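Report on the following structure.
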Amino acid sequence: MTGTSEREPTAAQRPESLADLLGGRQGAIDATLPPVAFTLGWLVAGQSVRVGVAAALVTGAVVAAWRLRRGDRPRSVVIGLLAVCVAALVVVRTGRAEDFFLVQLLANAASALAWAASIVLRWPLLGVVVGTALGQRGRWRRDPALLRAYGRASWVWTATYVLRLAVFLPLYLGGQVLALAAARVGMTWPLVAAALAVSWAVVRRSLPAGHPGLRHPVVPGAEPAPDAETNGKESAQ
C-alpha cells in the first residue's frame, strides 16, 4: 500500500501528466487535422474555399467522433469541433482562404493576454490548471514557493502564444495560406512539447531544496502532511 501511494504522486507529476492536463499530445495533433484538410481541399479544388471548408468540416467531425470513442471529455471535443465550425463560417462569409486561420490567430492573442494577466494578478494559469487537476483548489496559492514557481513557468506559456502571433500575423496579413497551414502544424505539438519541458524545468528549479513538491503545498502555519517530508524529493523530481 505504501509503495503504491508513493508511486502515484510521482507519476502524476511527470511531464506526460502535465501534457494530459493541457490537452495532451494526441489532442494537439488532432487540432491540426482540420486546417490541413482545409488547405489540401482548397489547393486541390483550384483554391475553392467551399471545397476547403467541406473538407475541414468532414475531418473535424471524424476527429470529434474518434476522440469521443477514445474517451476524451465531451466538452473538449465539442469546443474543438465548434472552433472548426466558426472558422468555416468566417471563411464562407469572407471568401478569403486565409481567414480560416483567423480564429486561431485571435485565440492566441487572447491566450497571451490571459496568461500574462494571470501572472500579474498572482493567479498564474499553470498553477490554476495543475492545482485544479490535483484537487487543491486555491491551496497552492498559499505556498509562496509554489506561487512563485507557477508564476515563472507561466511566462513560458505566455511566450509560446506571443511566438505564434509573431509568426502567424505576418503570414495572415500576406495571405500565405500554405505557410499558415505549415506554421499551424509546426507550432502546435512541437511547441507545446517544448513548453512542457521548459516550464516543468522552471518549476523544479524554482522550488527550494526540501520542498515536498506539487502535491504538498507548504502553507505557513499549517501542519505538513505526514508523508510530505518523505516524498518531497521524489515529488519535485
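The values are calculated or read from the model by the stated rules, or taken from the named source; none is laboratory data. These figures come from a predicted structure and were not determined experimentally. Every residue, glycine as well, gets a Cβ built from its backbone with ideal geometry; the counts of neighbours run over all protein chains shown. Note: accessible area is taken over every heavy atom of the protein model, side chains too, but ligands, DNA and RNA are not part of it. Shrake-Rupley method; radii C 1.70, N 1.55, O 1.52, S 1.80 Å.
A residue that is free of Cβ contacts under 8 Å to residues at least 24 places away in the same chain, open to solvent by 30 Å² or more (accessible area, probe 1.4 Å) and outside any loop (DSSP other than H, G, I, E, B) can be found somewhere in segment 202-210. Within segment 96-108, the residues that satisfy the criterion of being touching a residue at least 40 places away in the same chain (Cβ under 8 Å), part of a helix (DSSP H, G or I) and either open to solvent by less than 30 Å² (accessible area, probe 1.4 Å) or of a type in the set (D, E, K, R) (or both) are Ala97, Glu98, Phe100, Phe101, Leu105, Asn108. Picking from residues in segment 30-52 that are free of Cβ contacts under 8 Å to residues at least 40 places away in the same chain and either touching a helix residue (DSSP H, G or I) at 6+ places or on another chain (Cβ under 7 Å) or not in a helix (DSSP H, G or I) (or both), the one that is surrounded by the most Cβ atoms within 10 Å (Cβ to Cβ) is Ala37.
The residue that is least open to solvent (accessible area, probe 1.4 Å), counting only those in segment 53-95 that are more than 15 Å from Leu33 (Cα to Cα) and touching an Asp or Glu at 6+ places or on another chain (Cβ under 8 Å), is Val91.
Among helices (runs of 4 or more DSSP H) entirely within segment 120-196, having at least 2 residues that are open to solvent by less than 40 Å² (accessible area, probe 1.4 Å) and within 21 Å of Phe38 (Cα to Cα) singles out 144-173, 177-186.
Residues to consider are Arg184, Arg96; find the one that is out of contact with any helix residue (DSSP H, G or I) (no Cβ under 6 Å at 6 or more places or on another chain) and basic (Lys, Arg). First the steps, then the outcome.
Details: Arg184 fails: out of contact with any helix residue (DSSP H, G or I) (no Cβ under 6 Å at 6 or more places or on another chain).
So the residue among Arg184, Arg96 that is out of contact with any helix residue (DSSP H, G or I) (no Cβ under 6 Å at 6 or more places or on another chain) and basic (Lys, Arg) is Arg96.
Restricting Leu173, Leu147 to residues that are free of Cβ contacts under 8 Å to residues at least 12 places away in the same chain and of a type outside the set (S, T, N, Q) narrows the list to Leu173.
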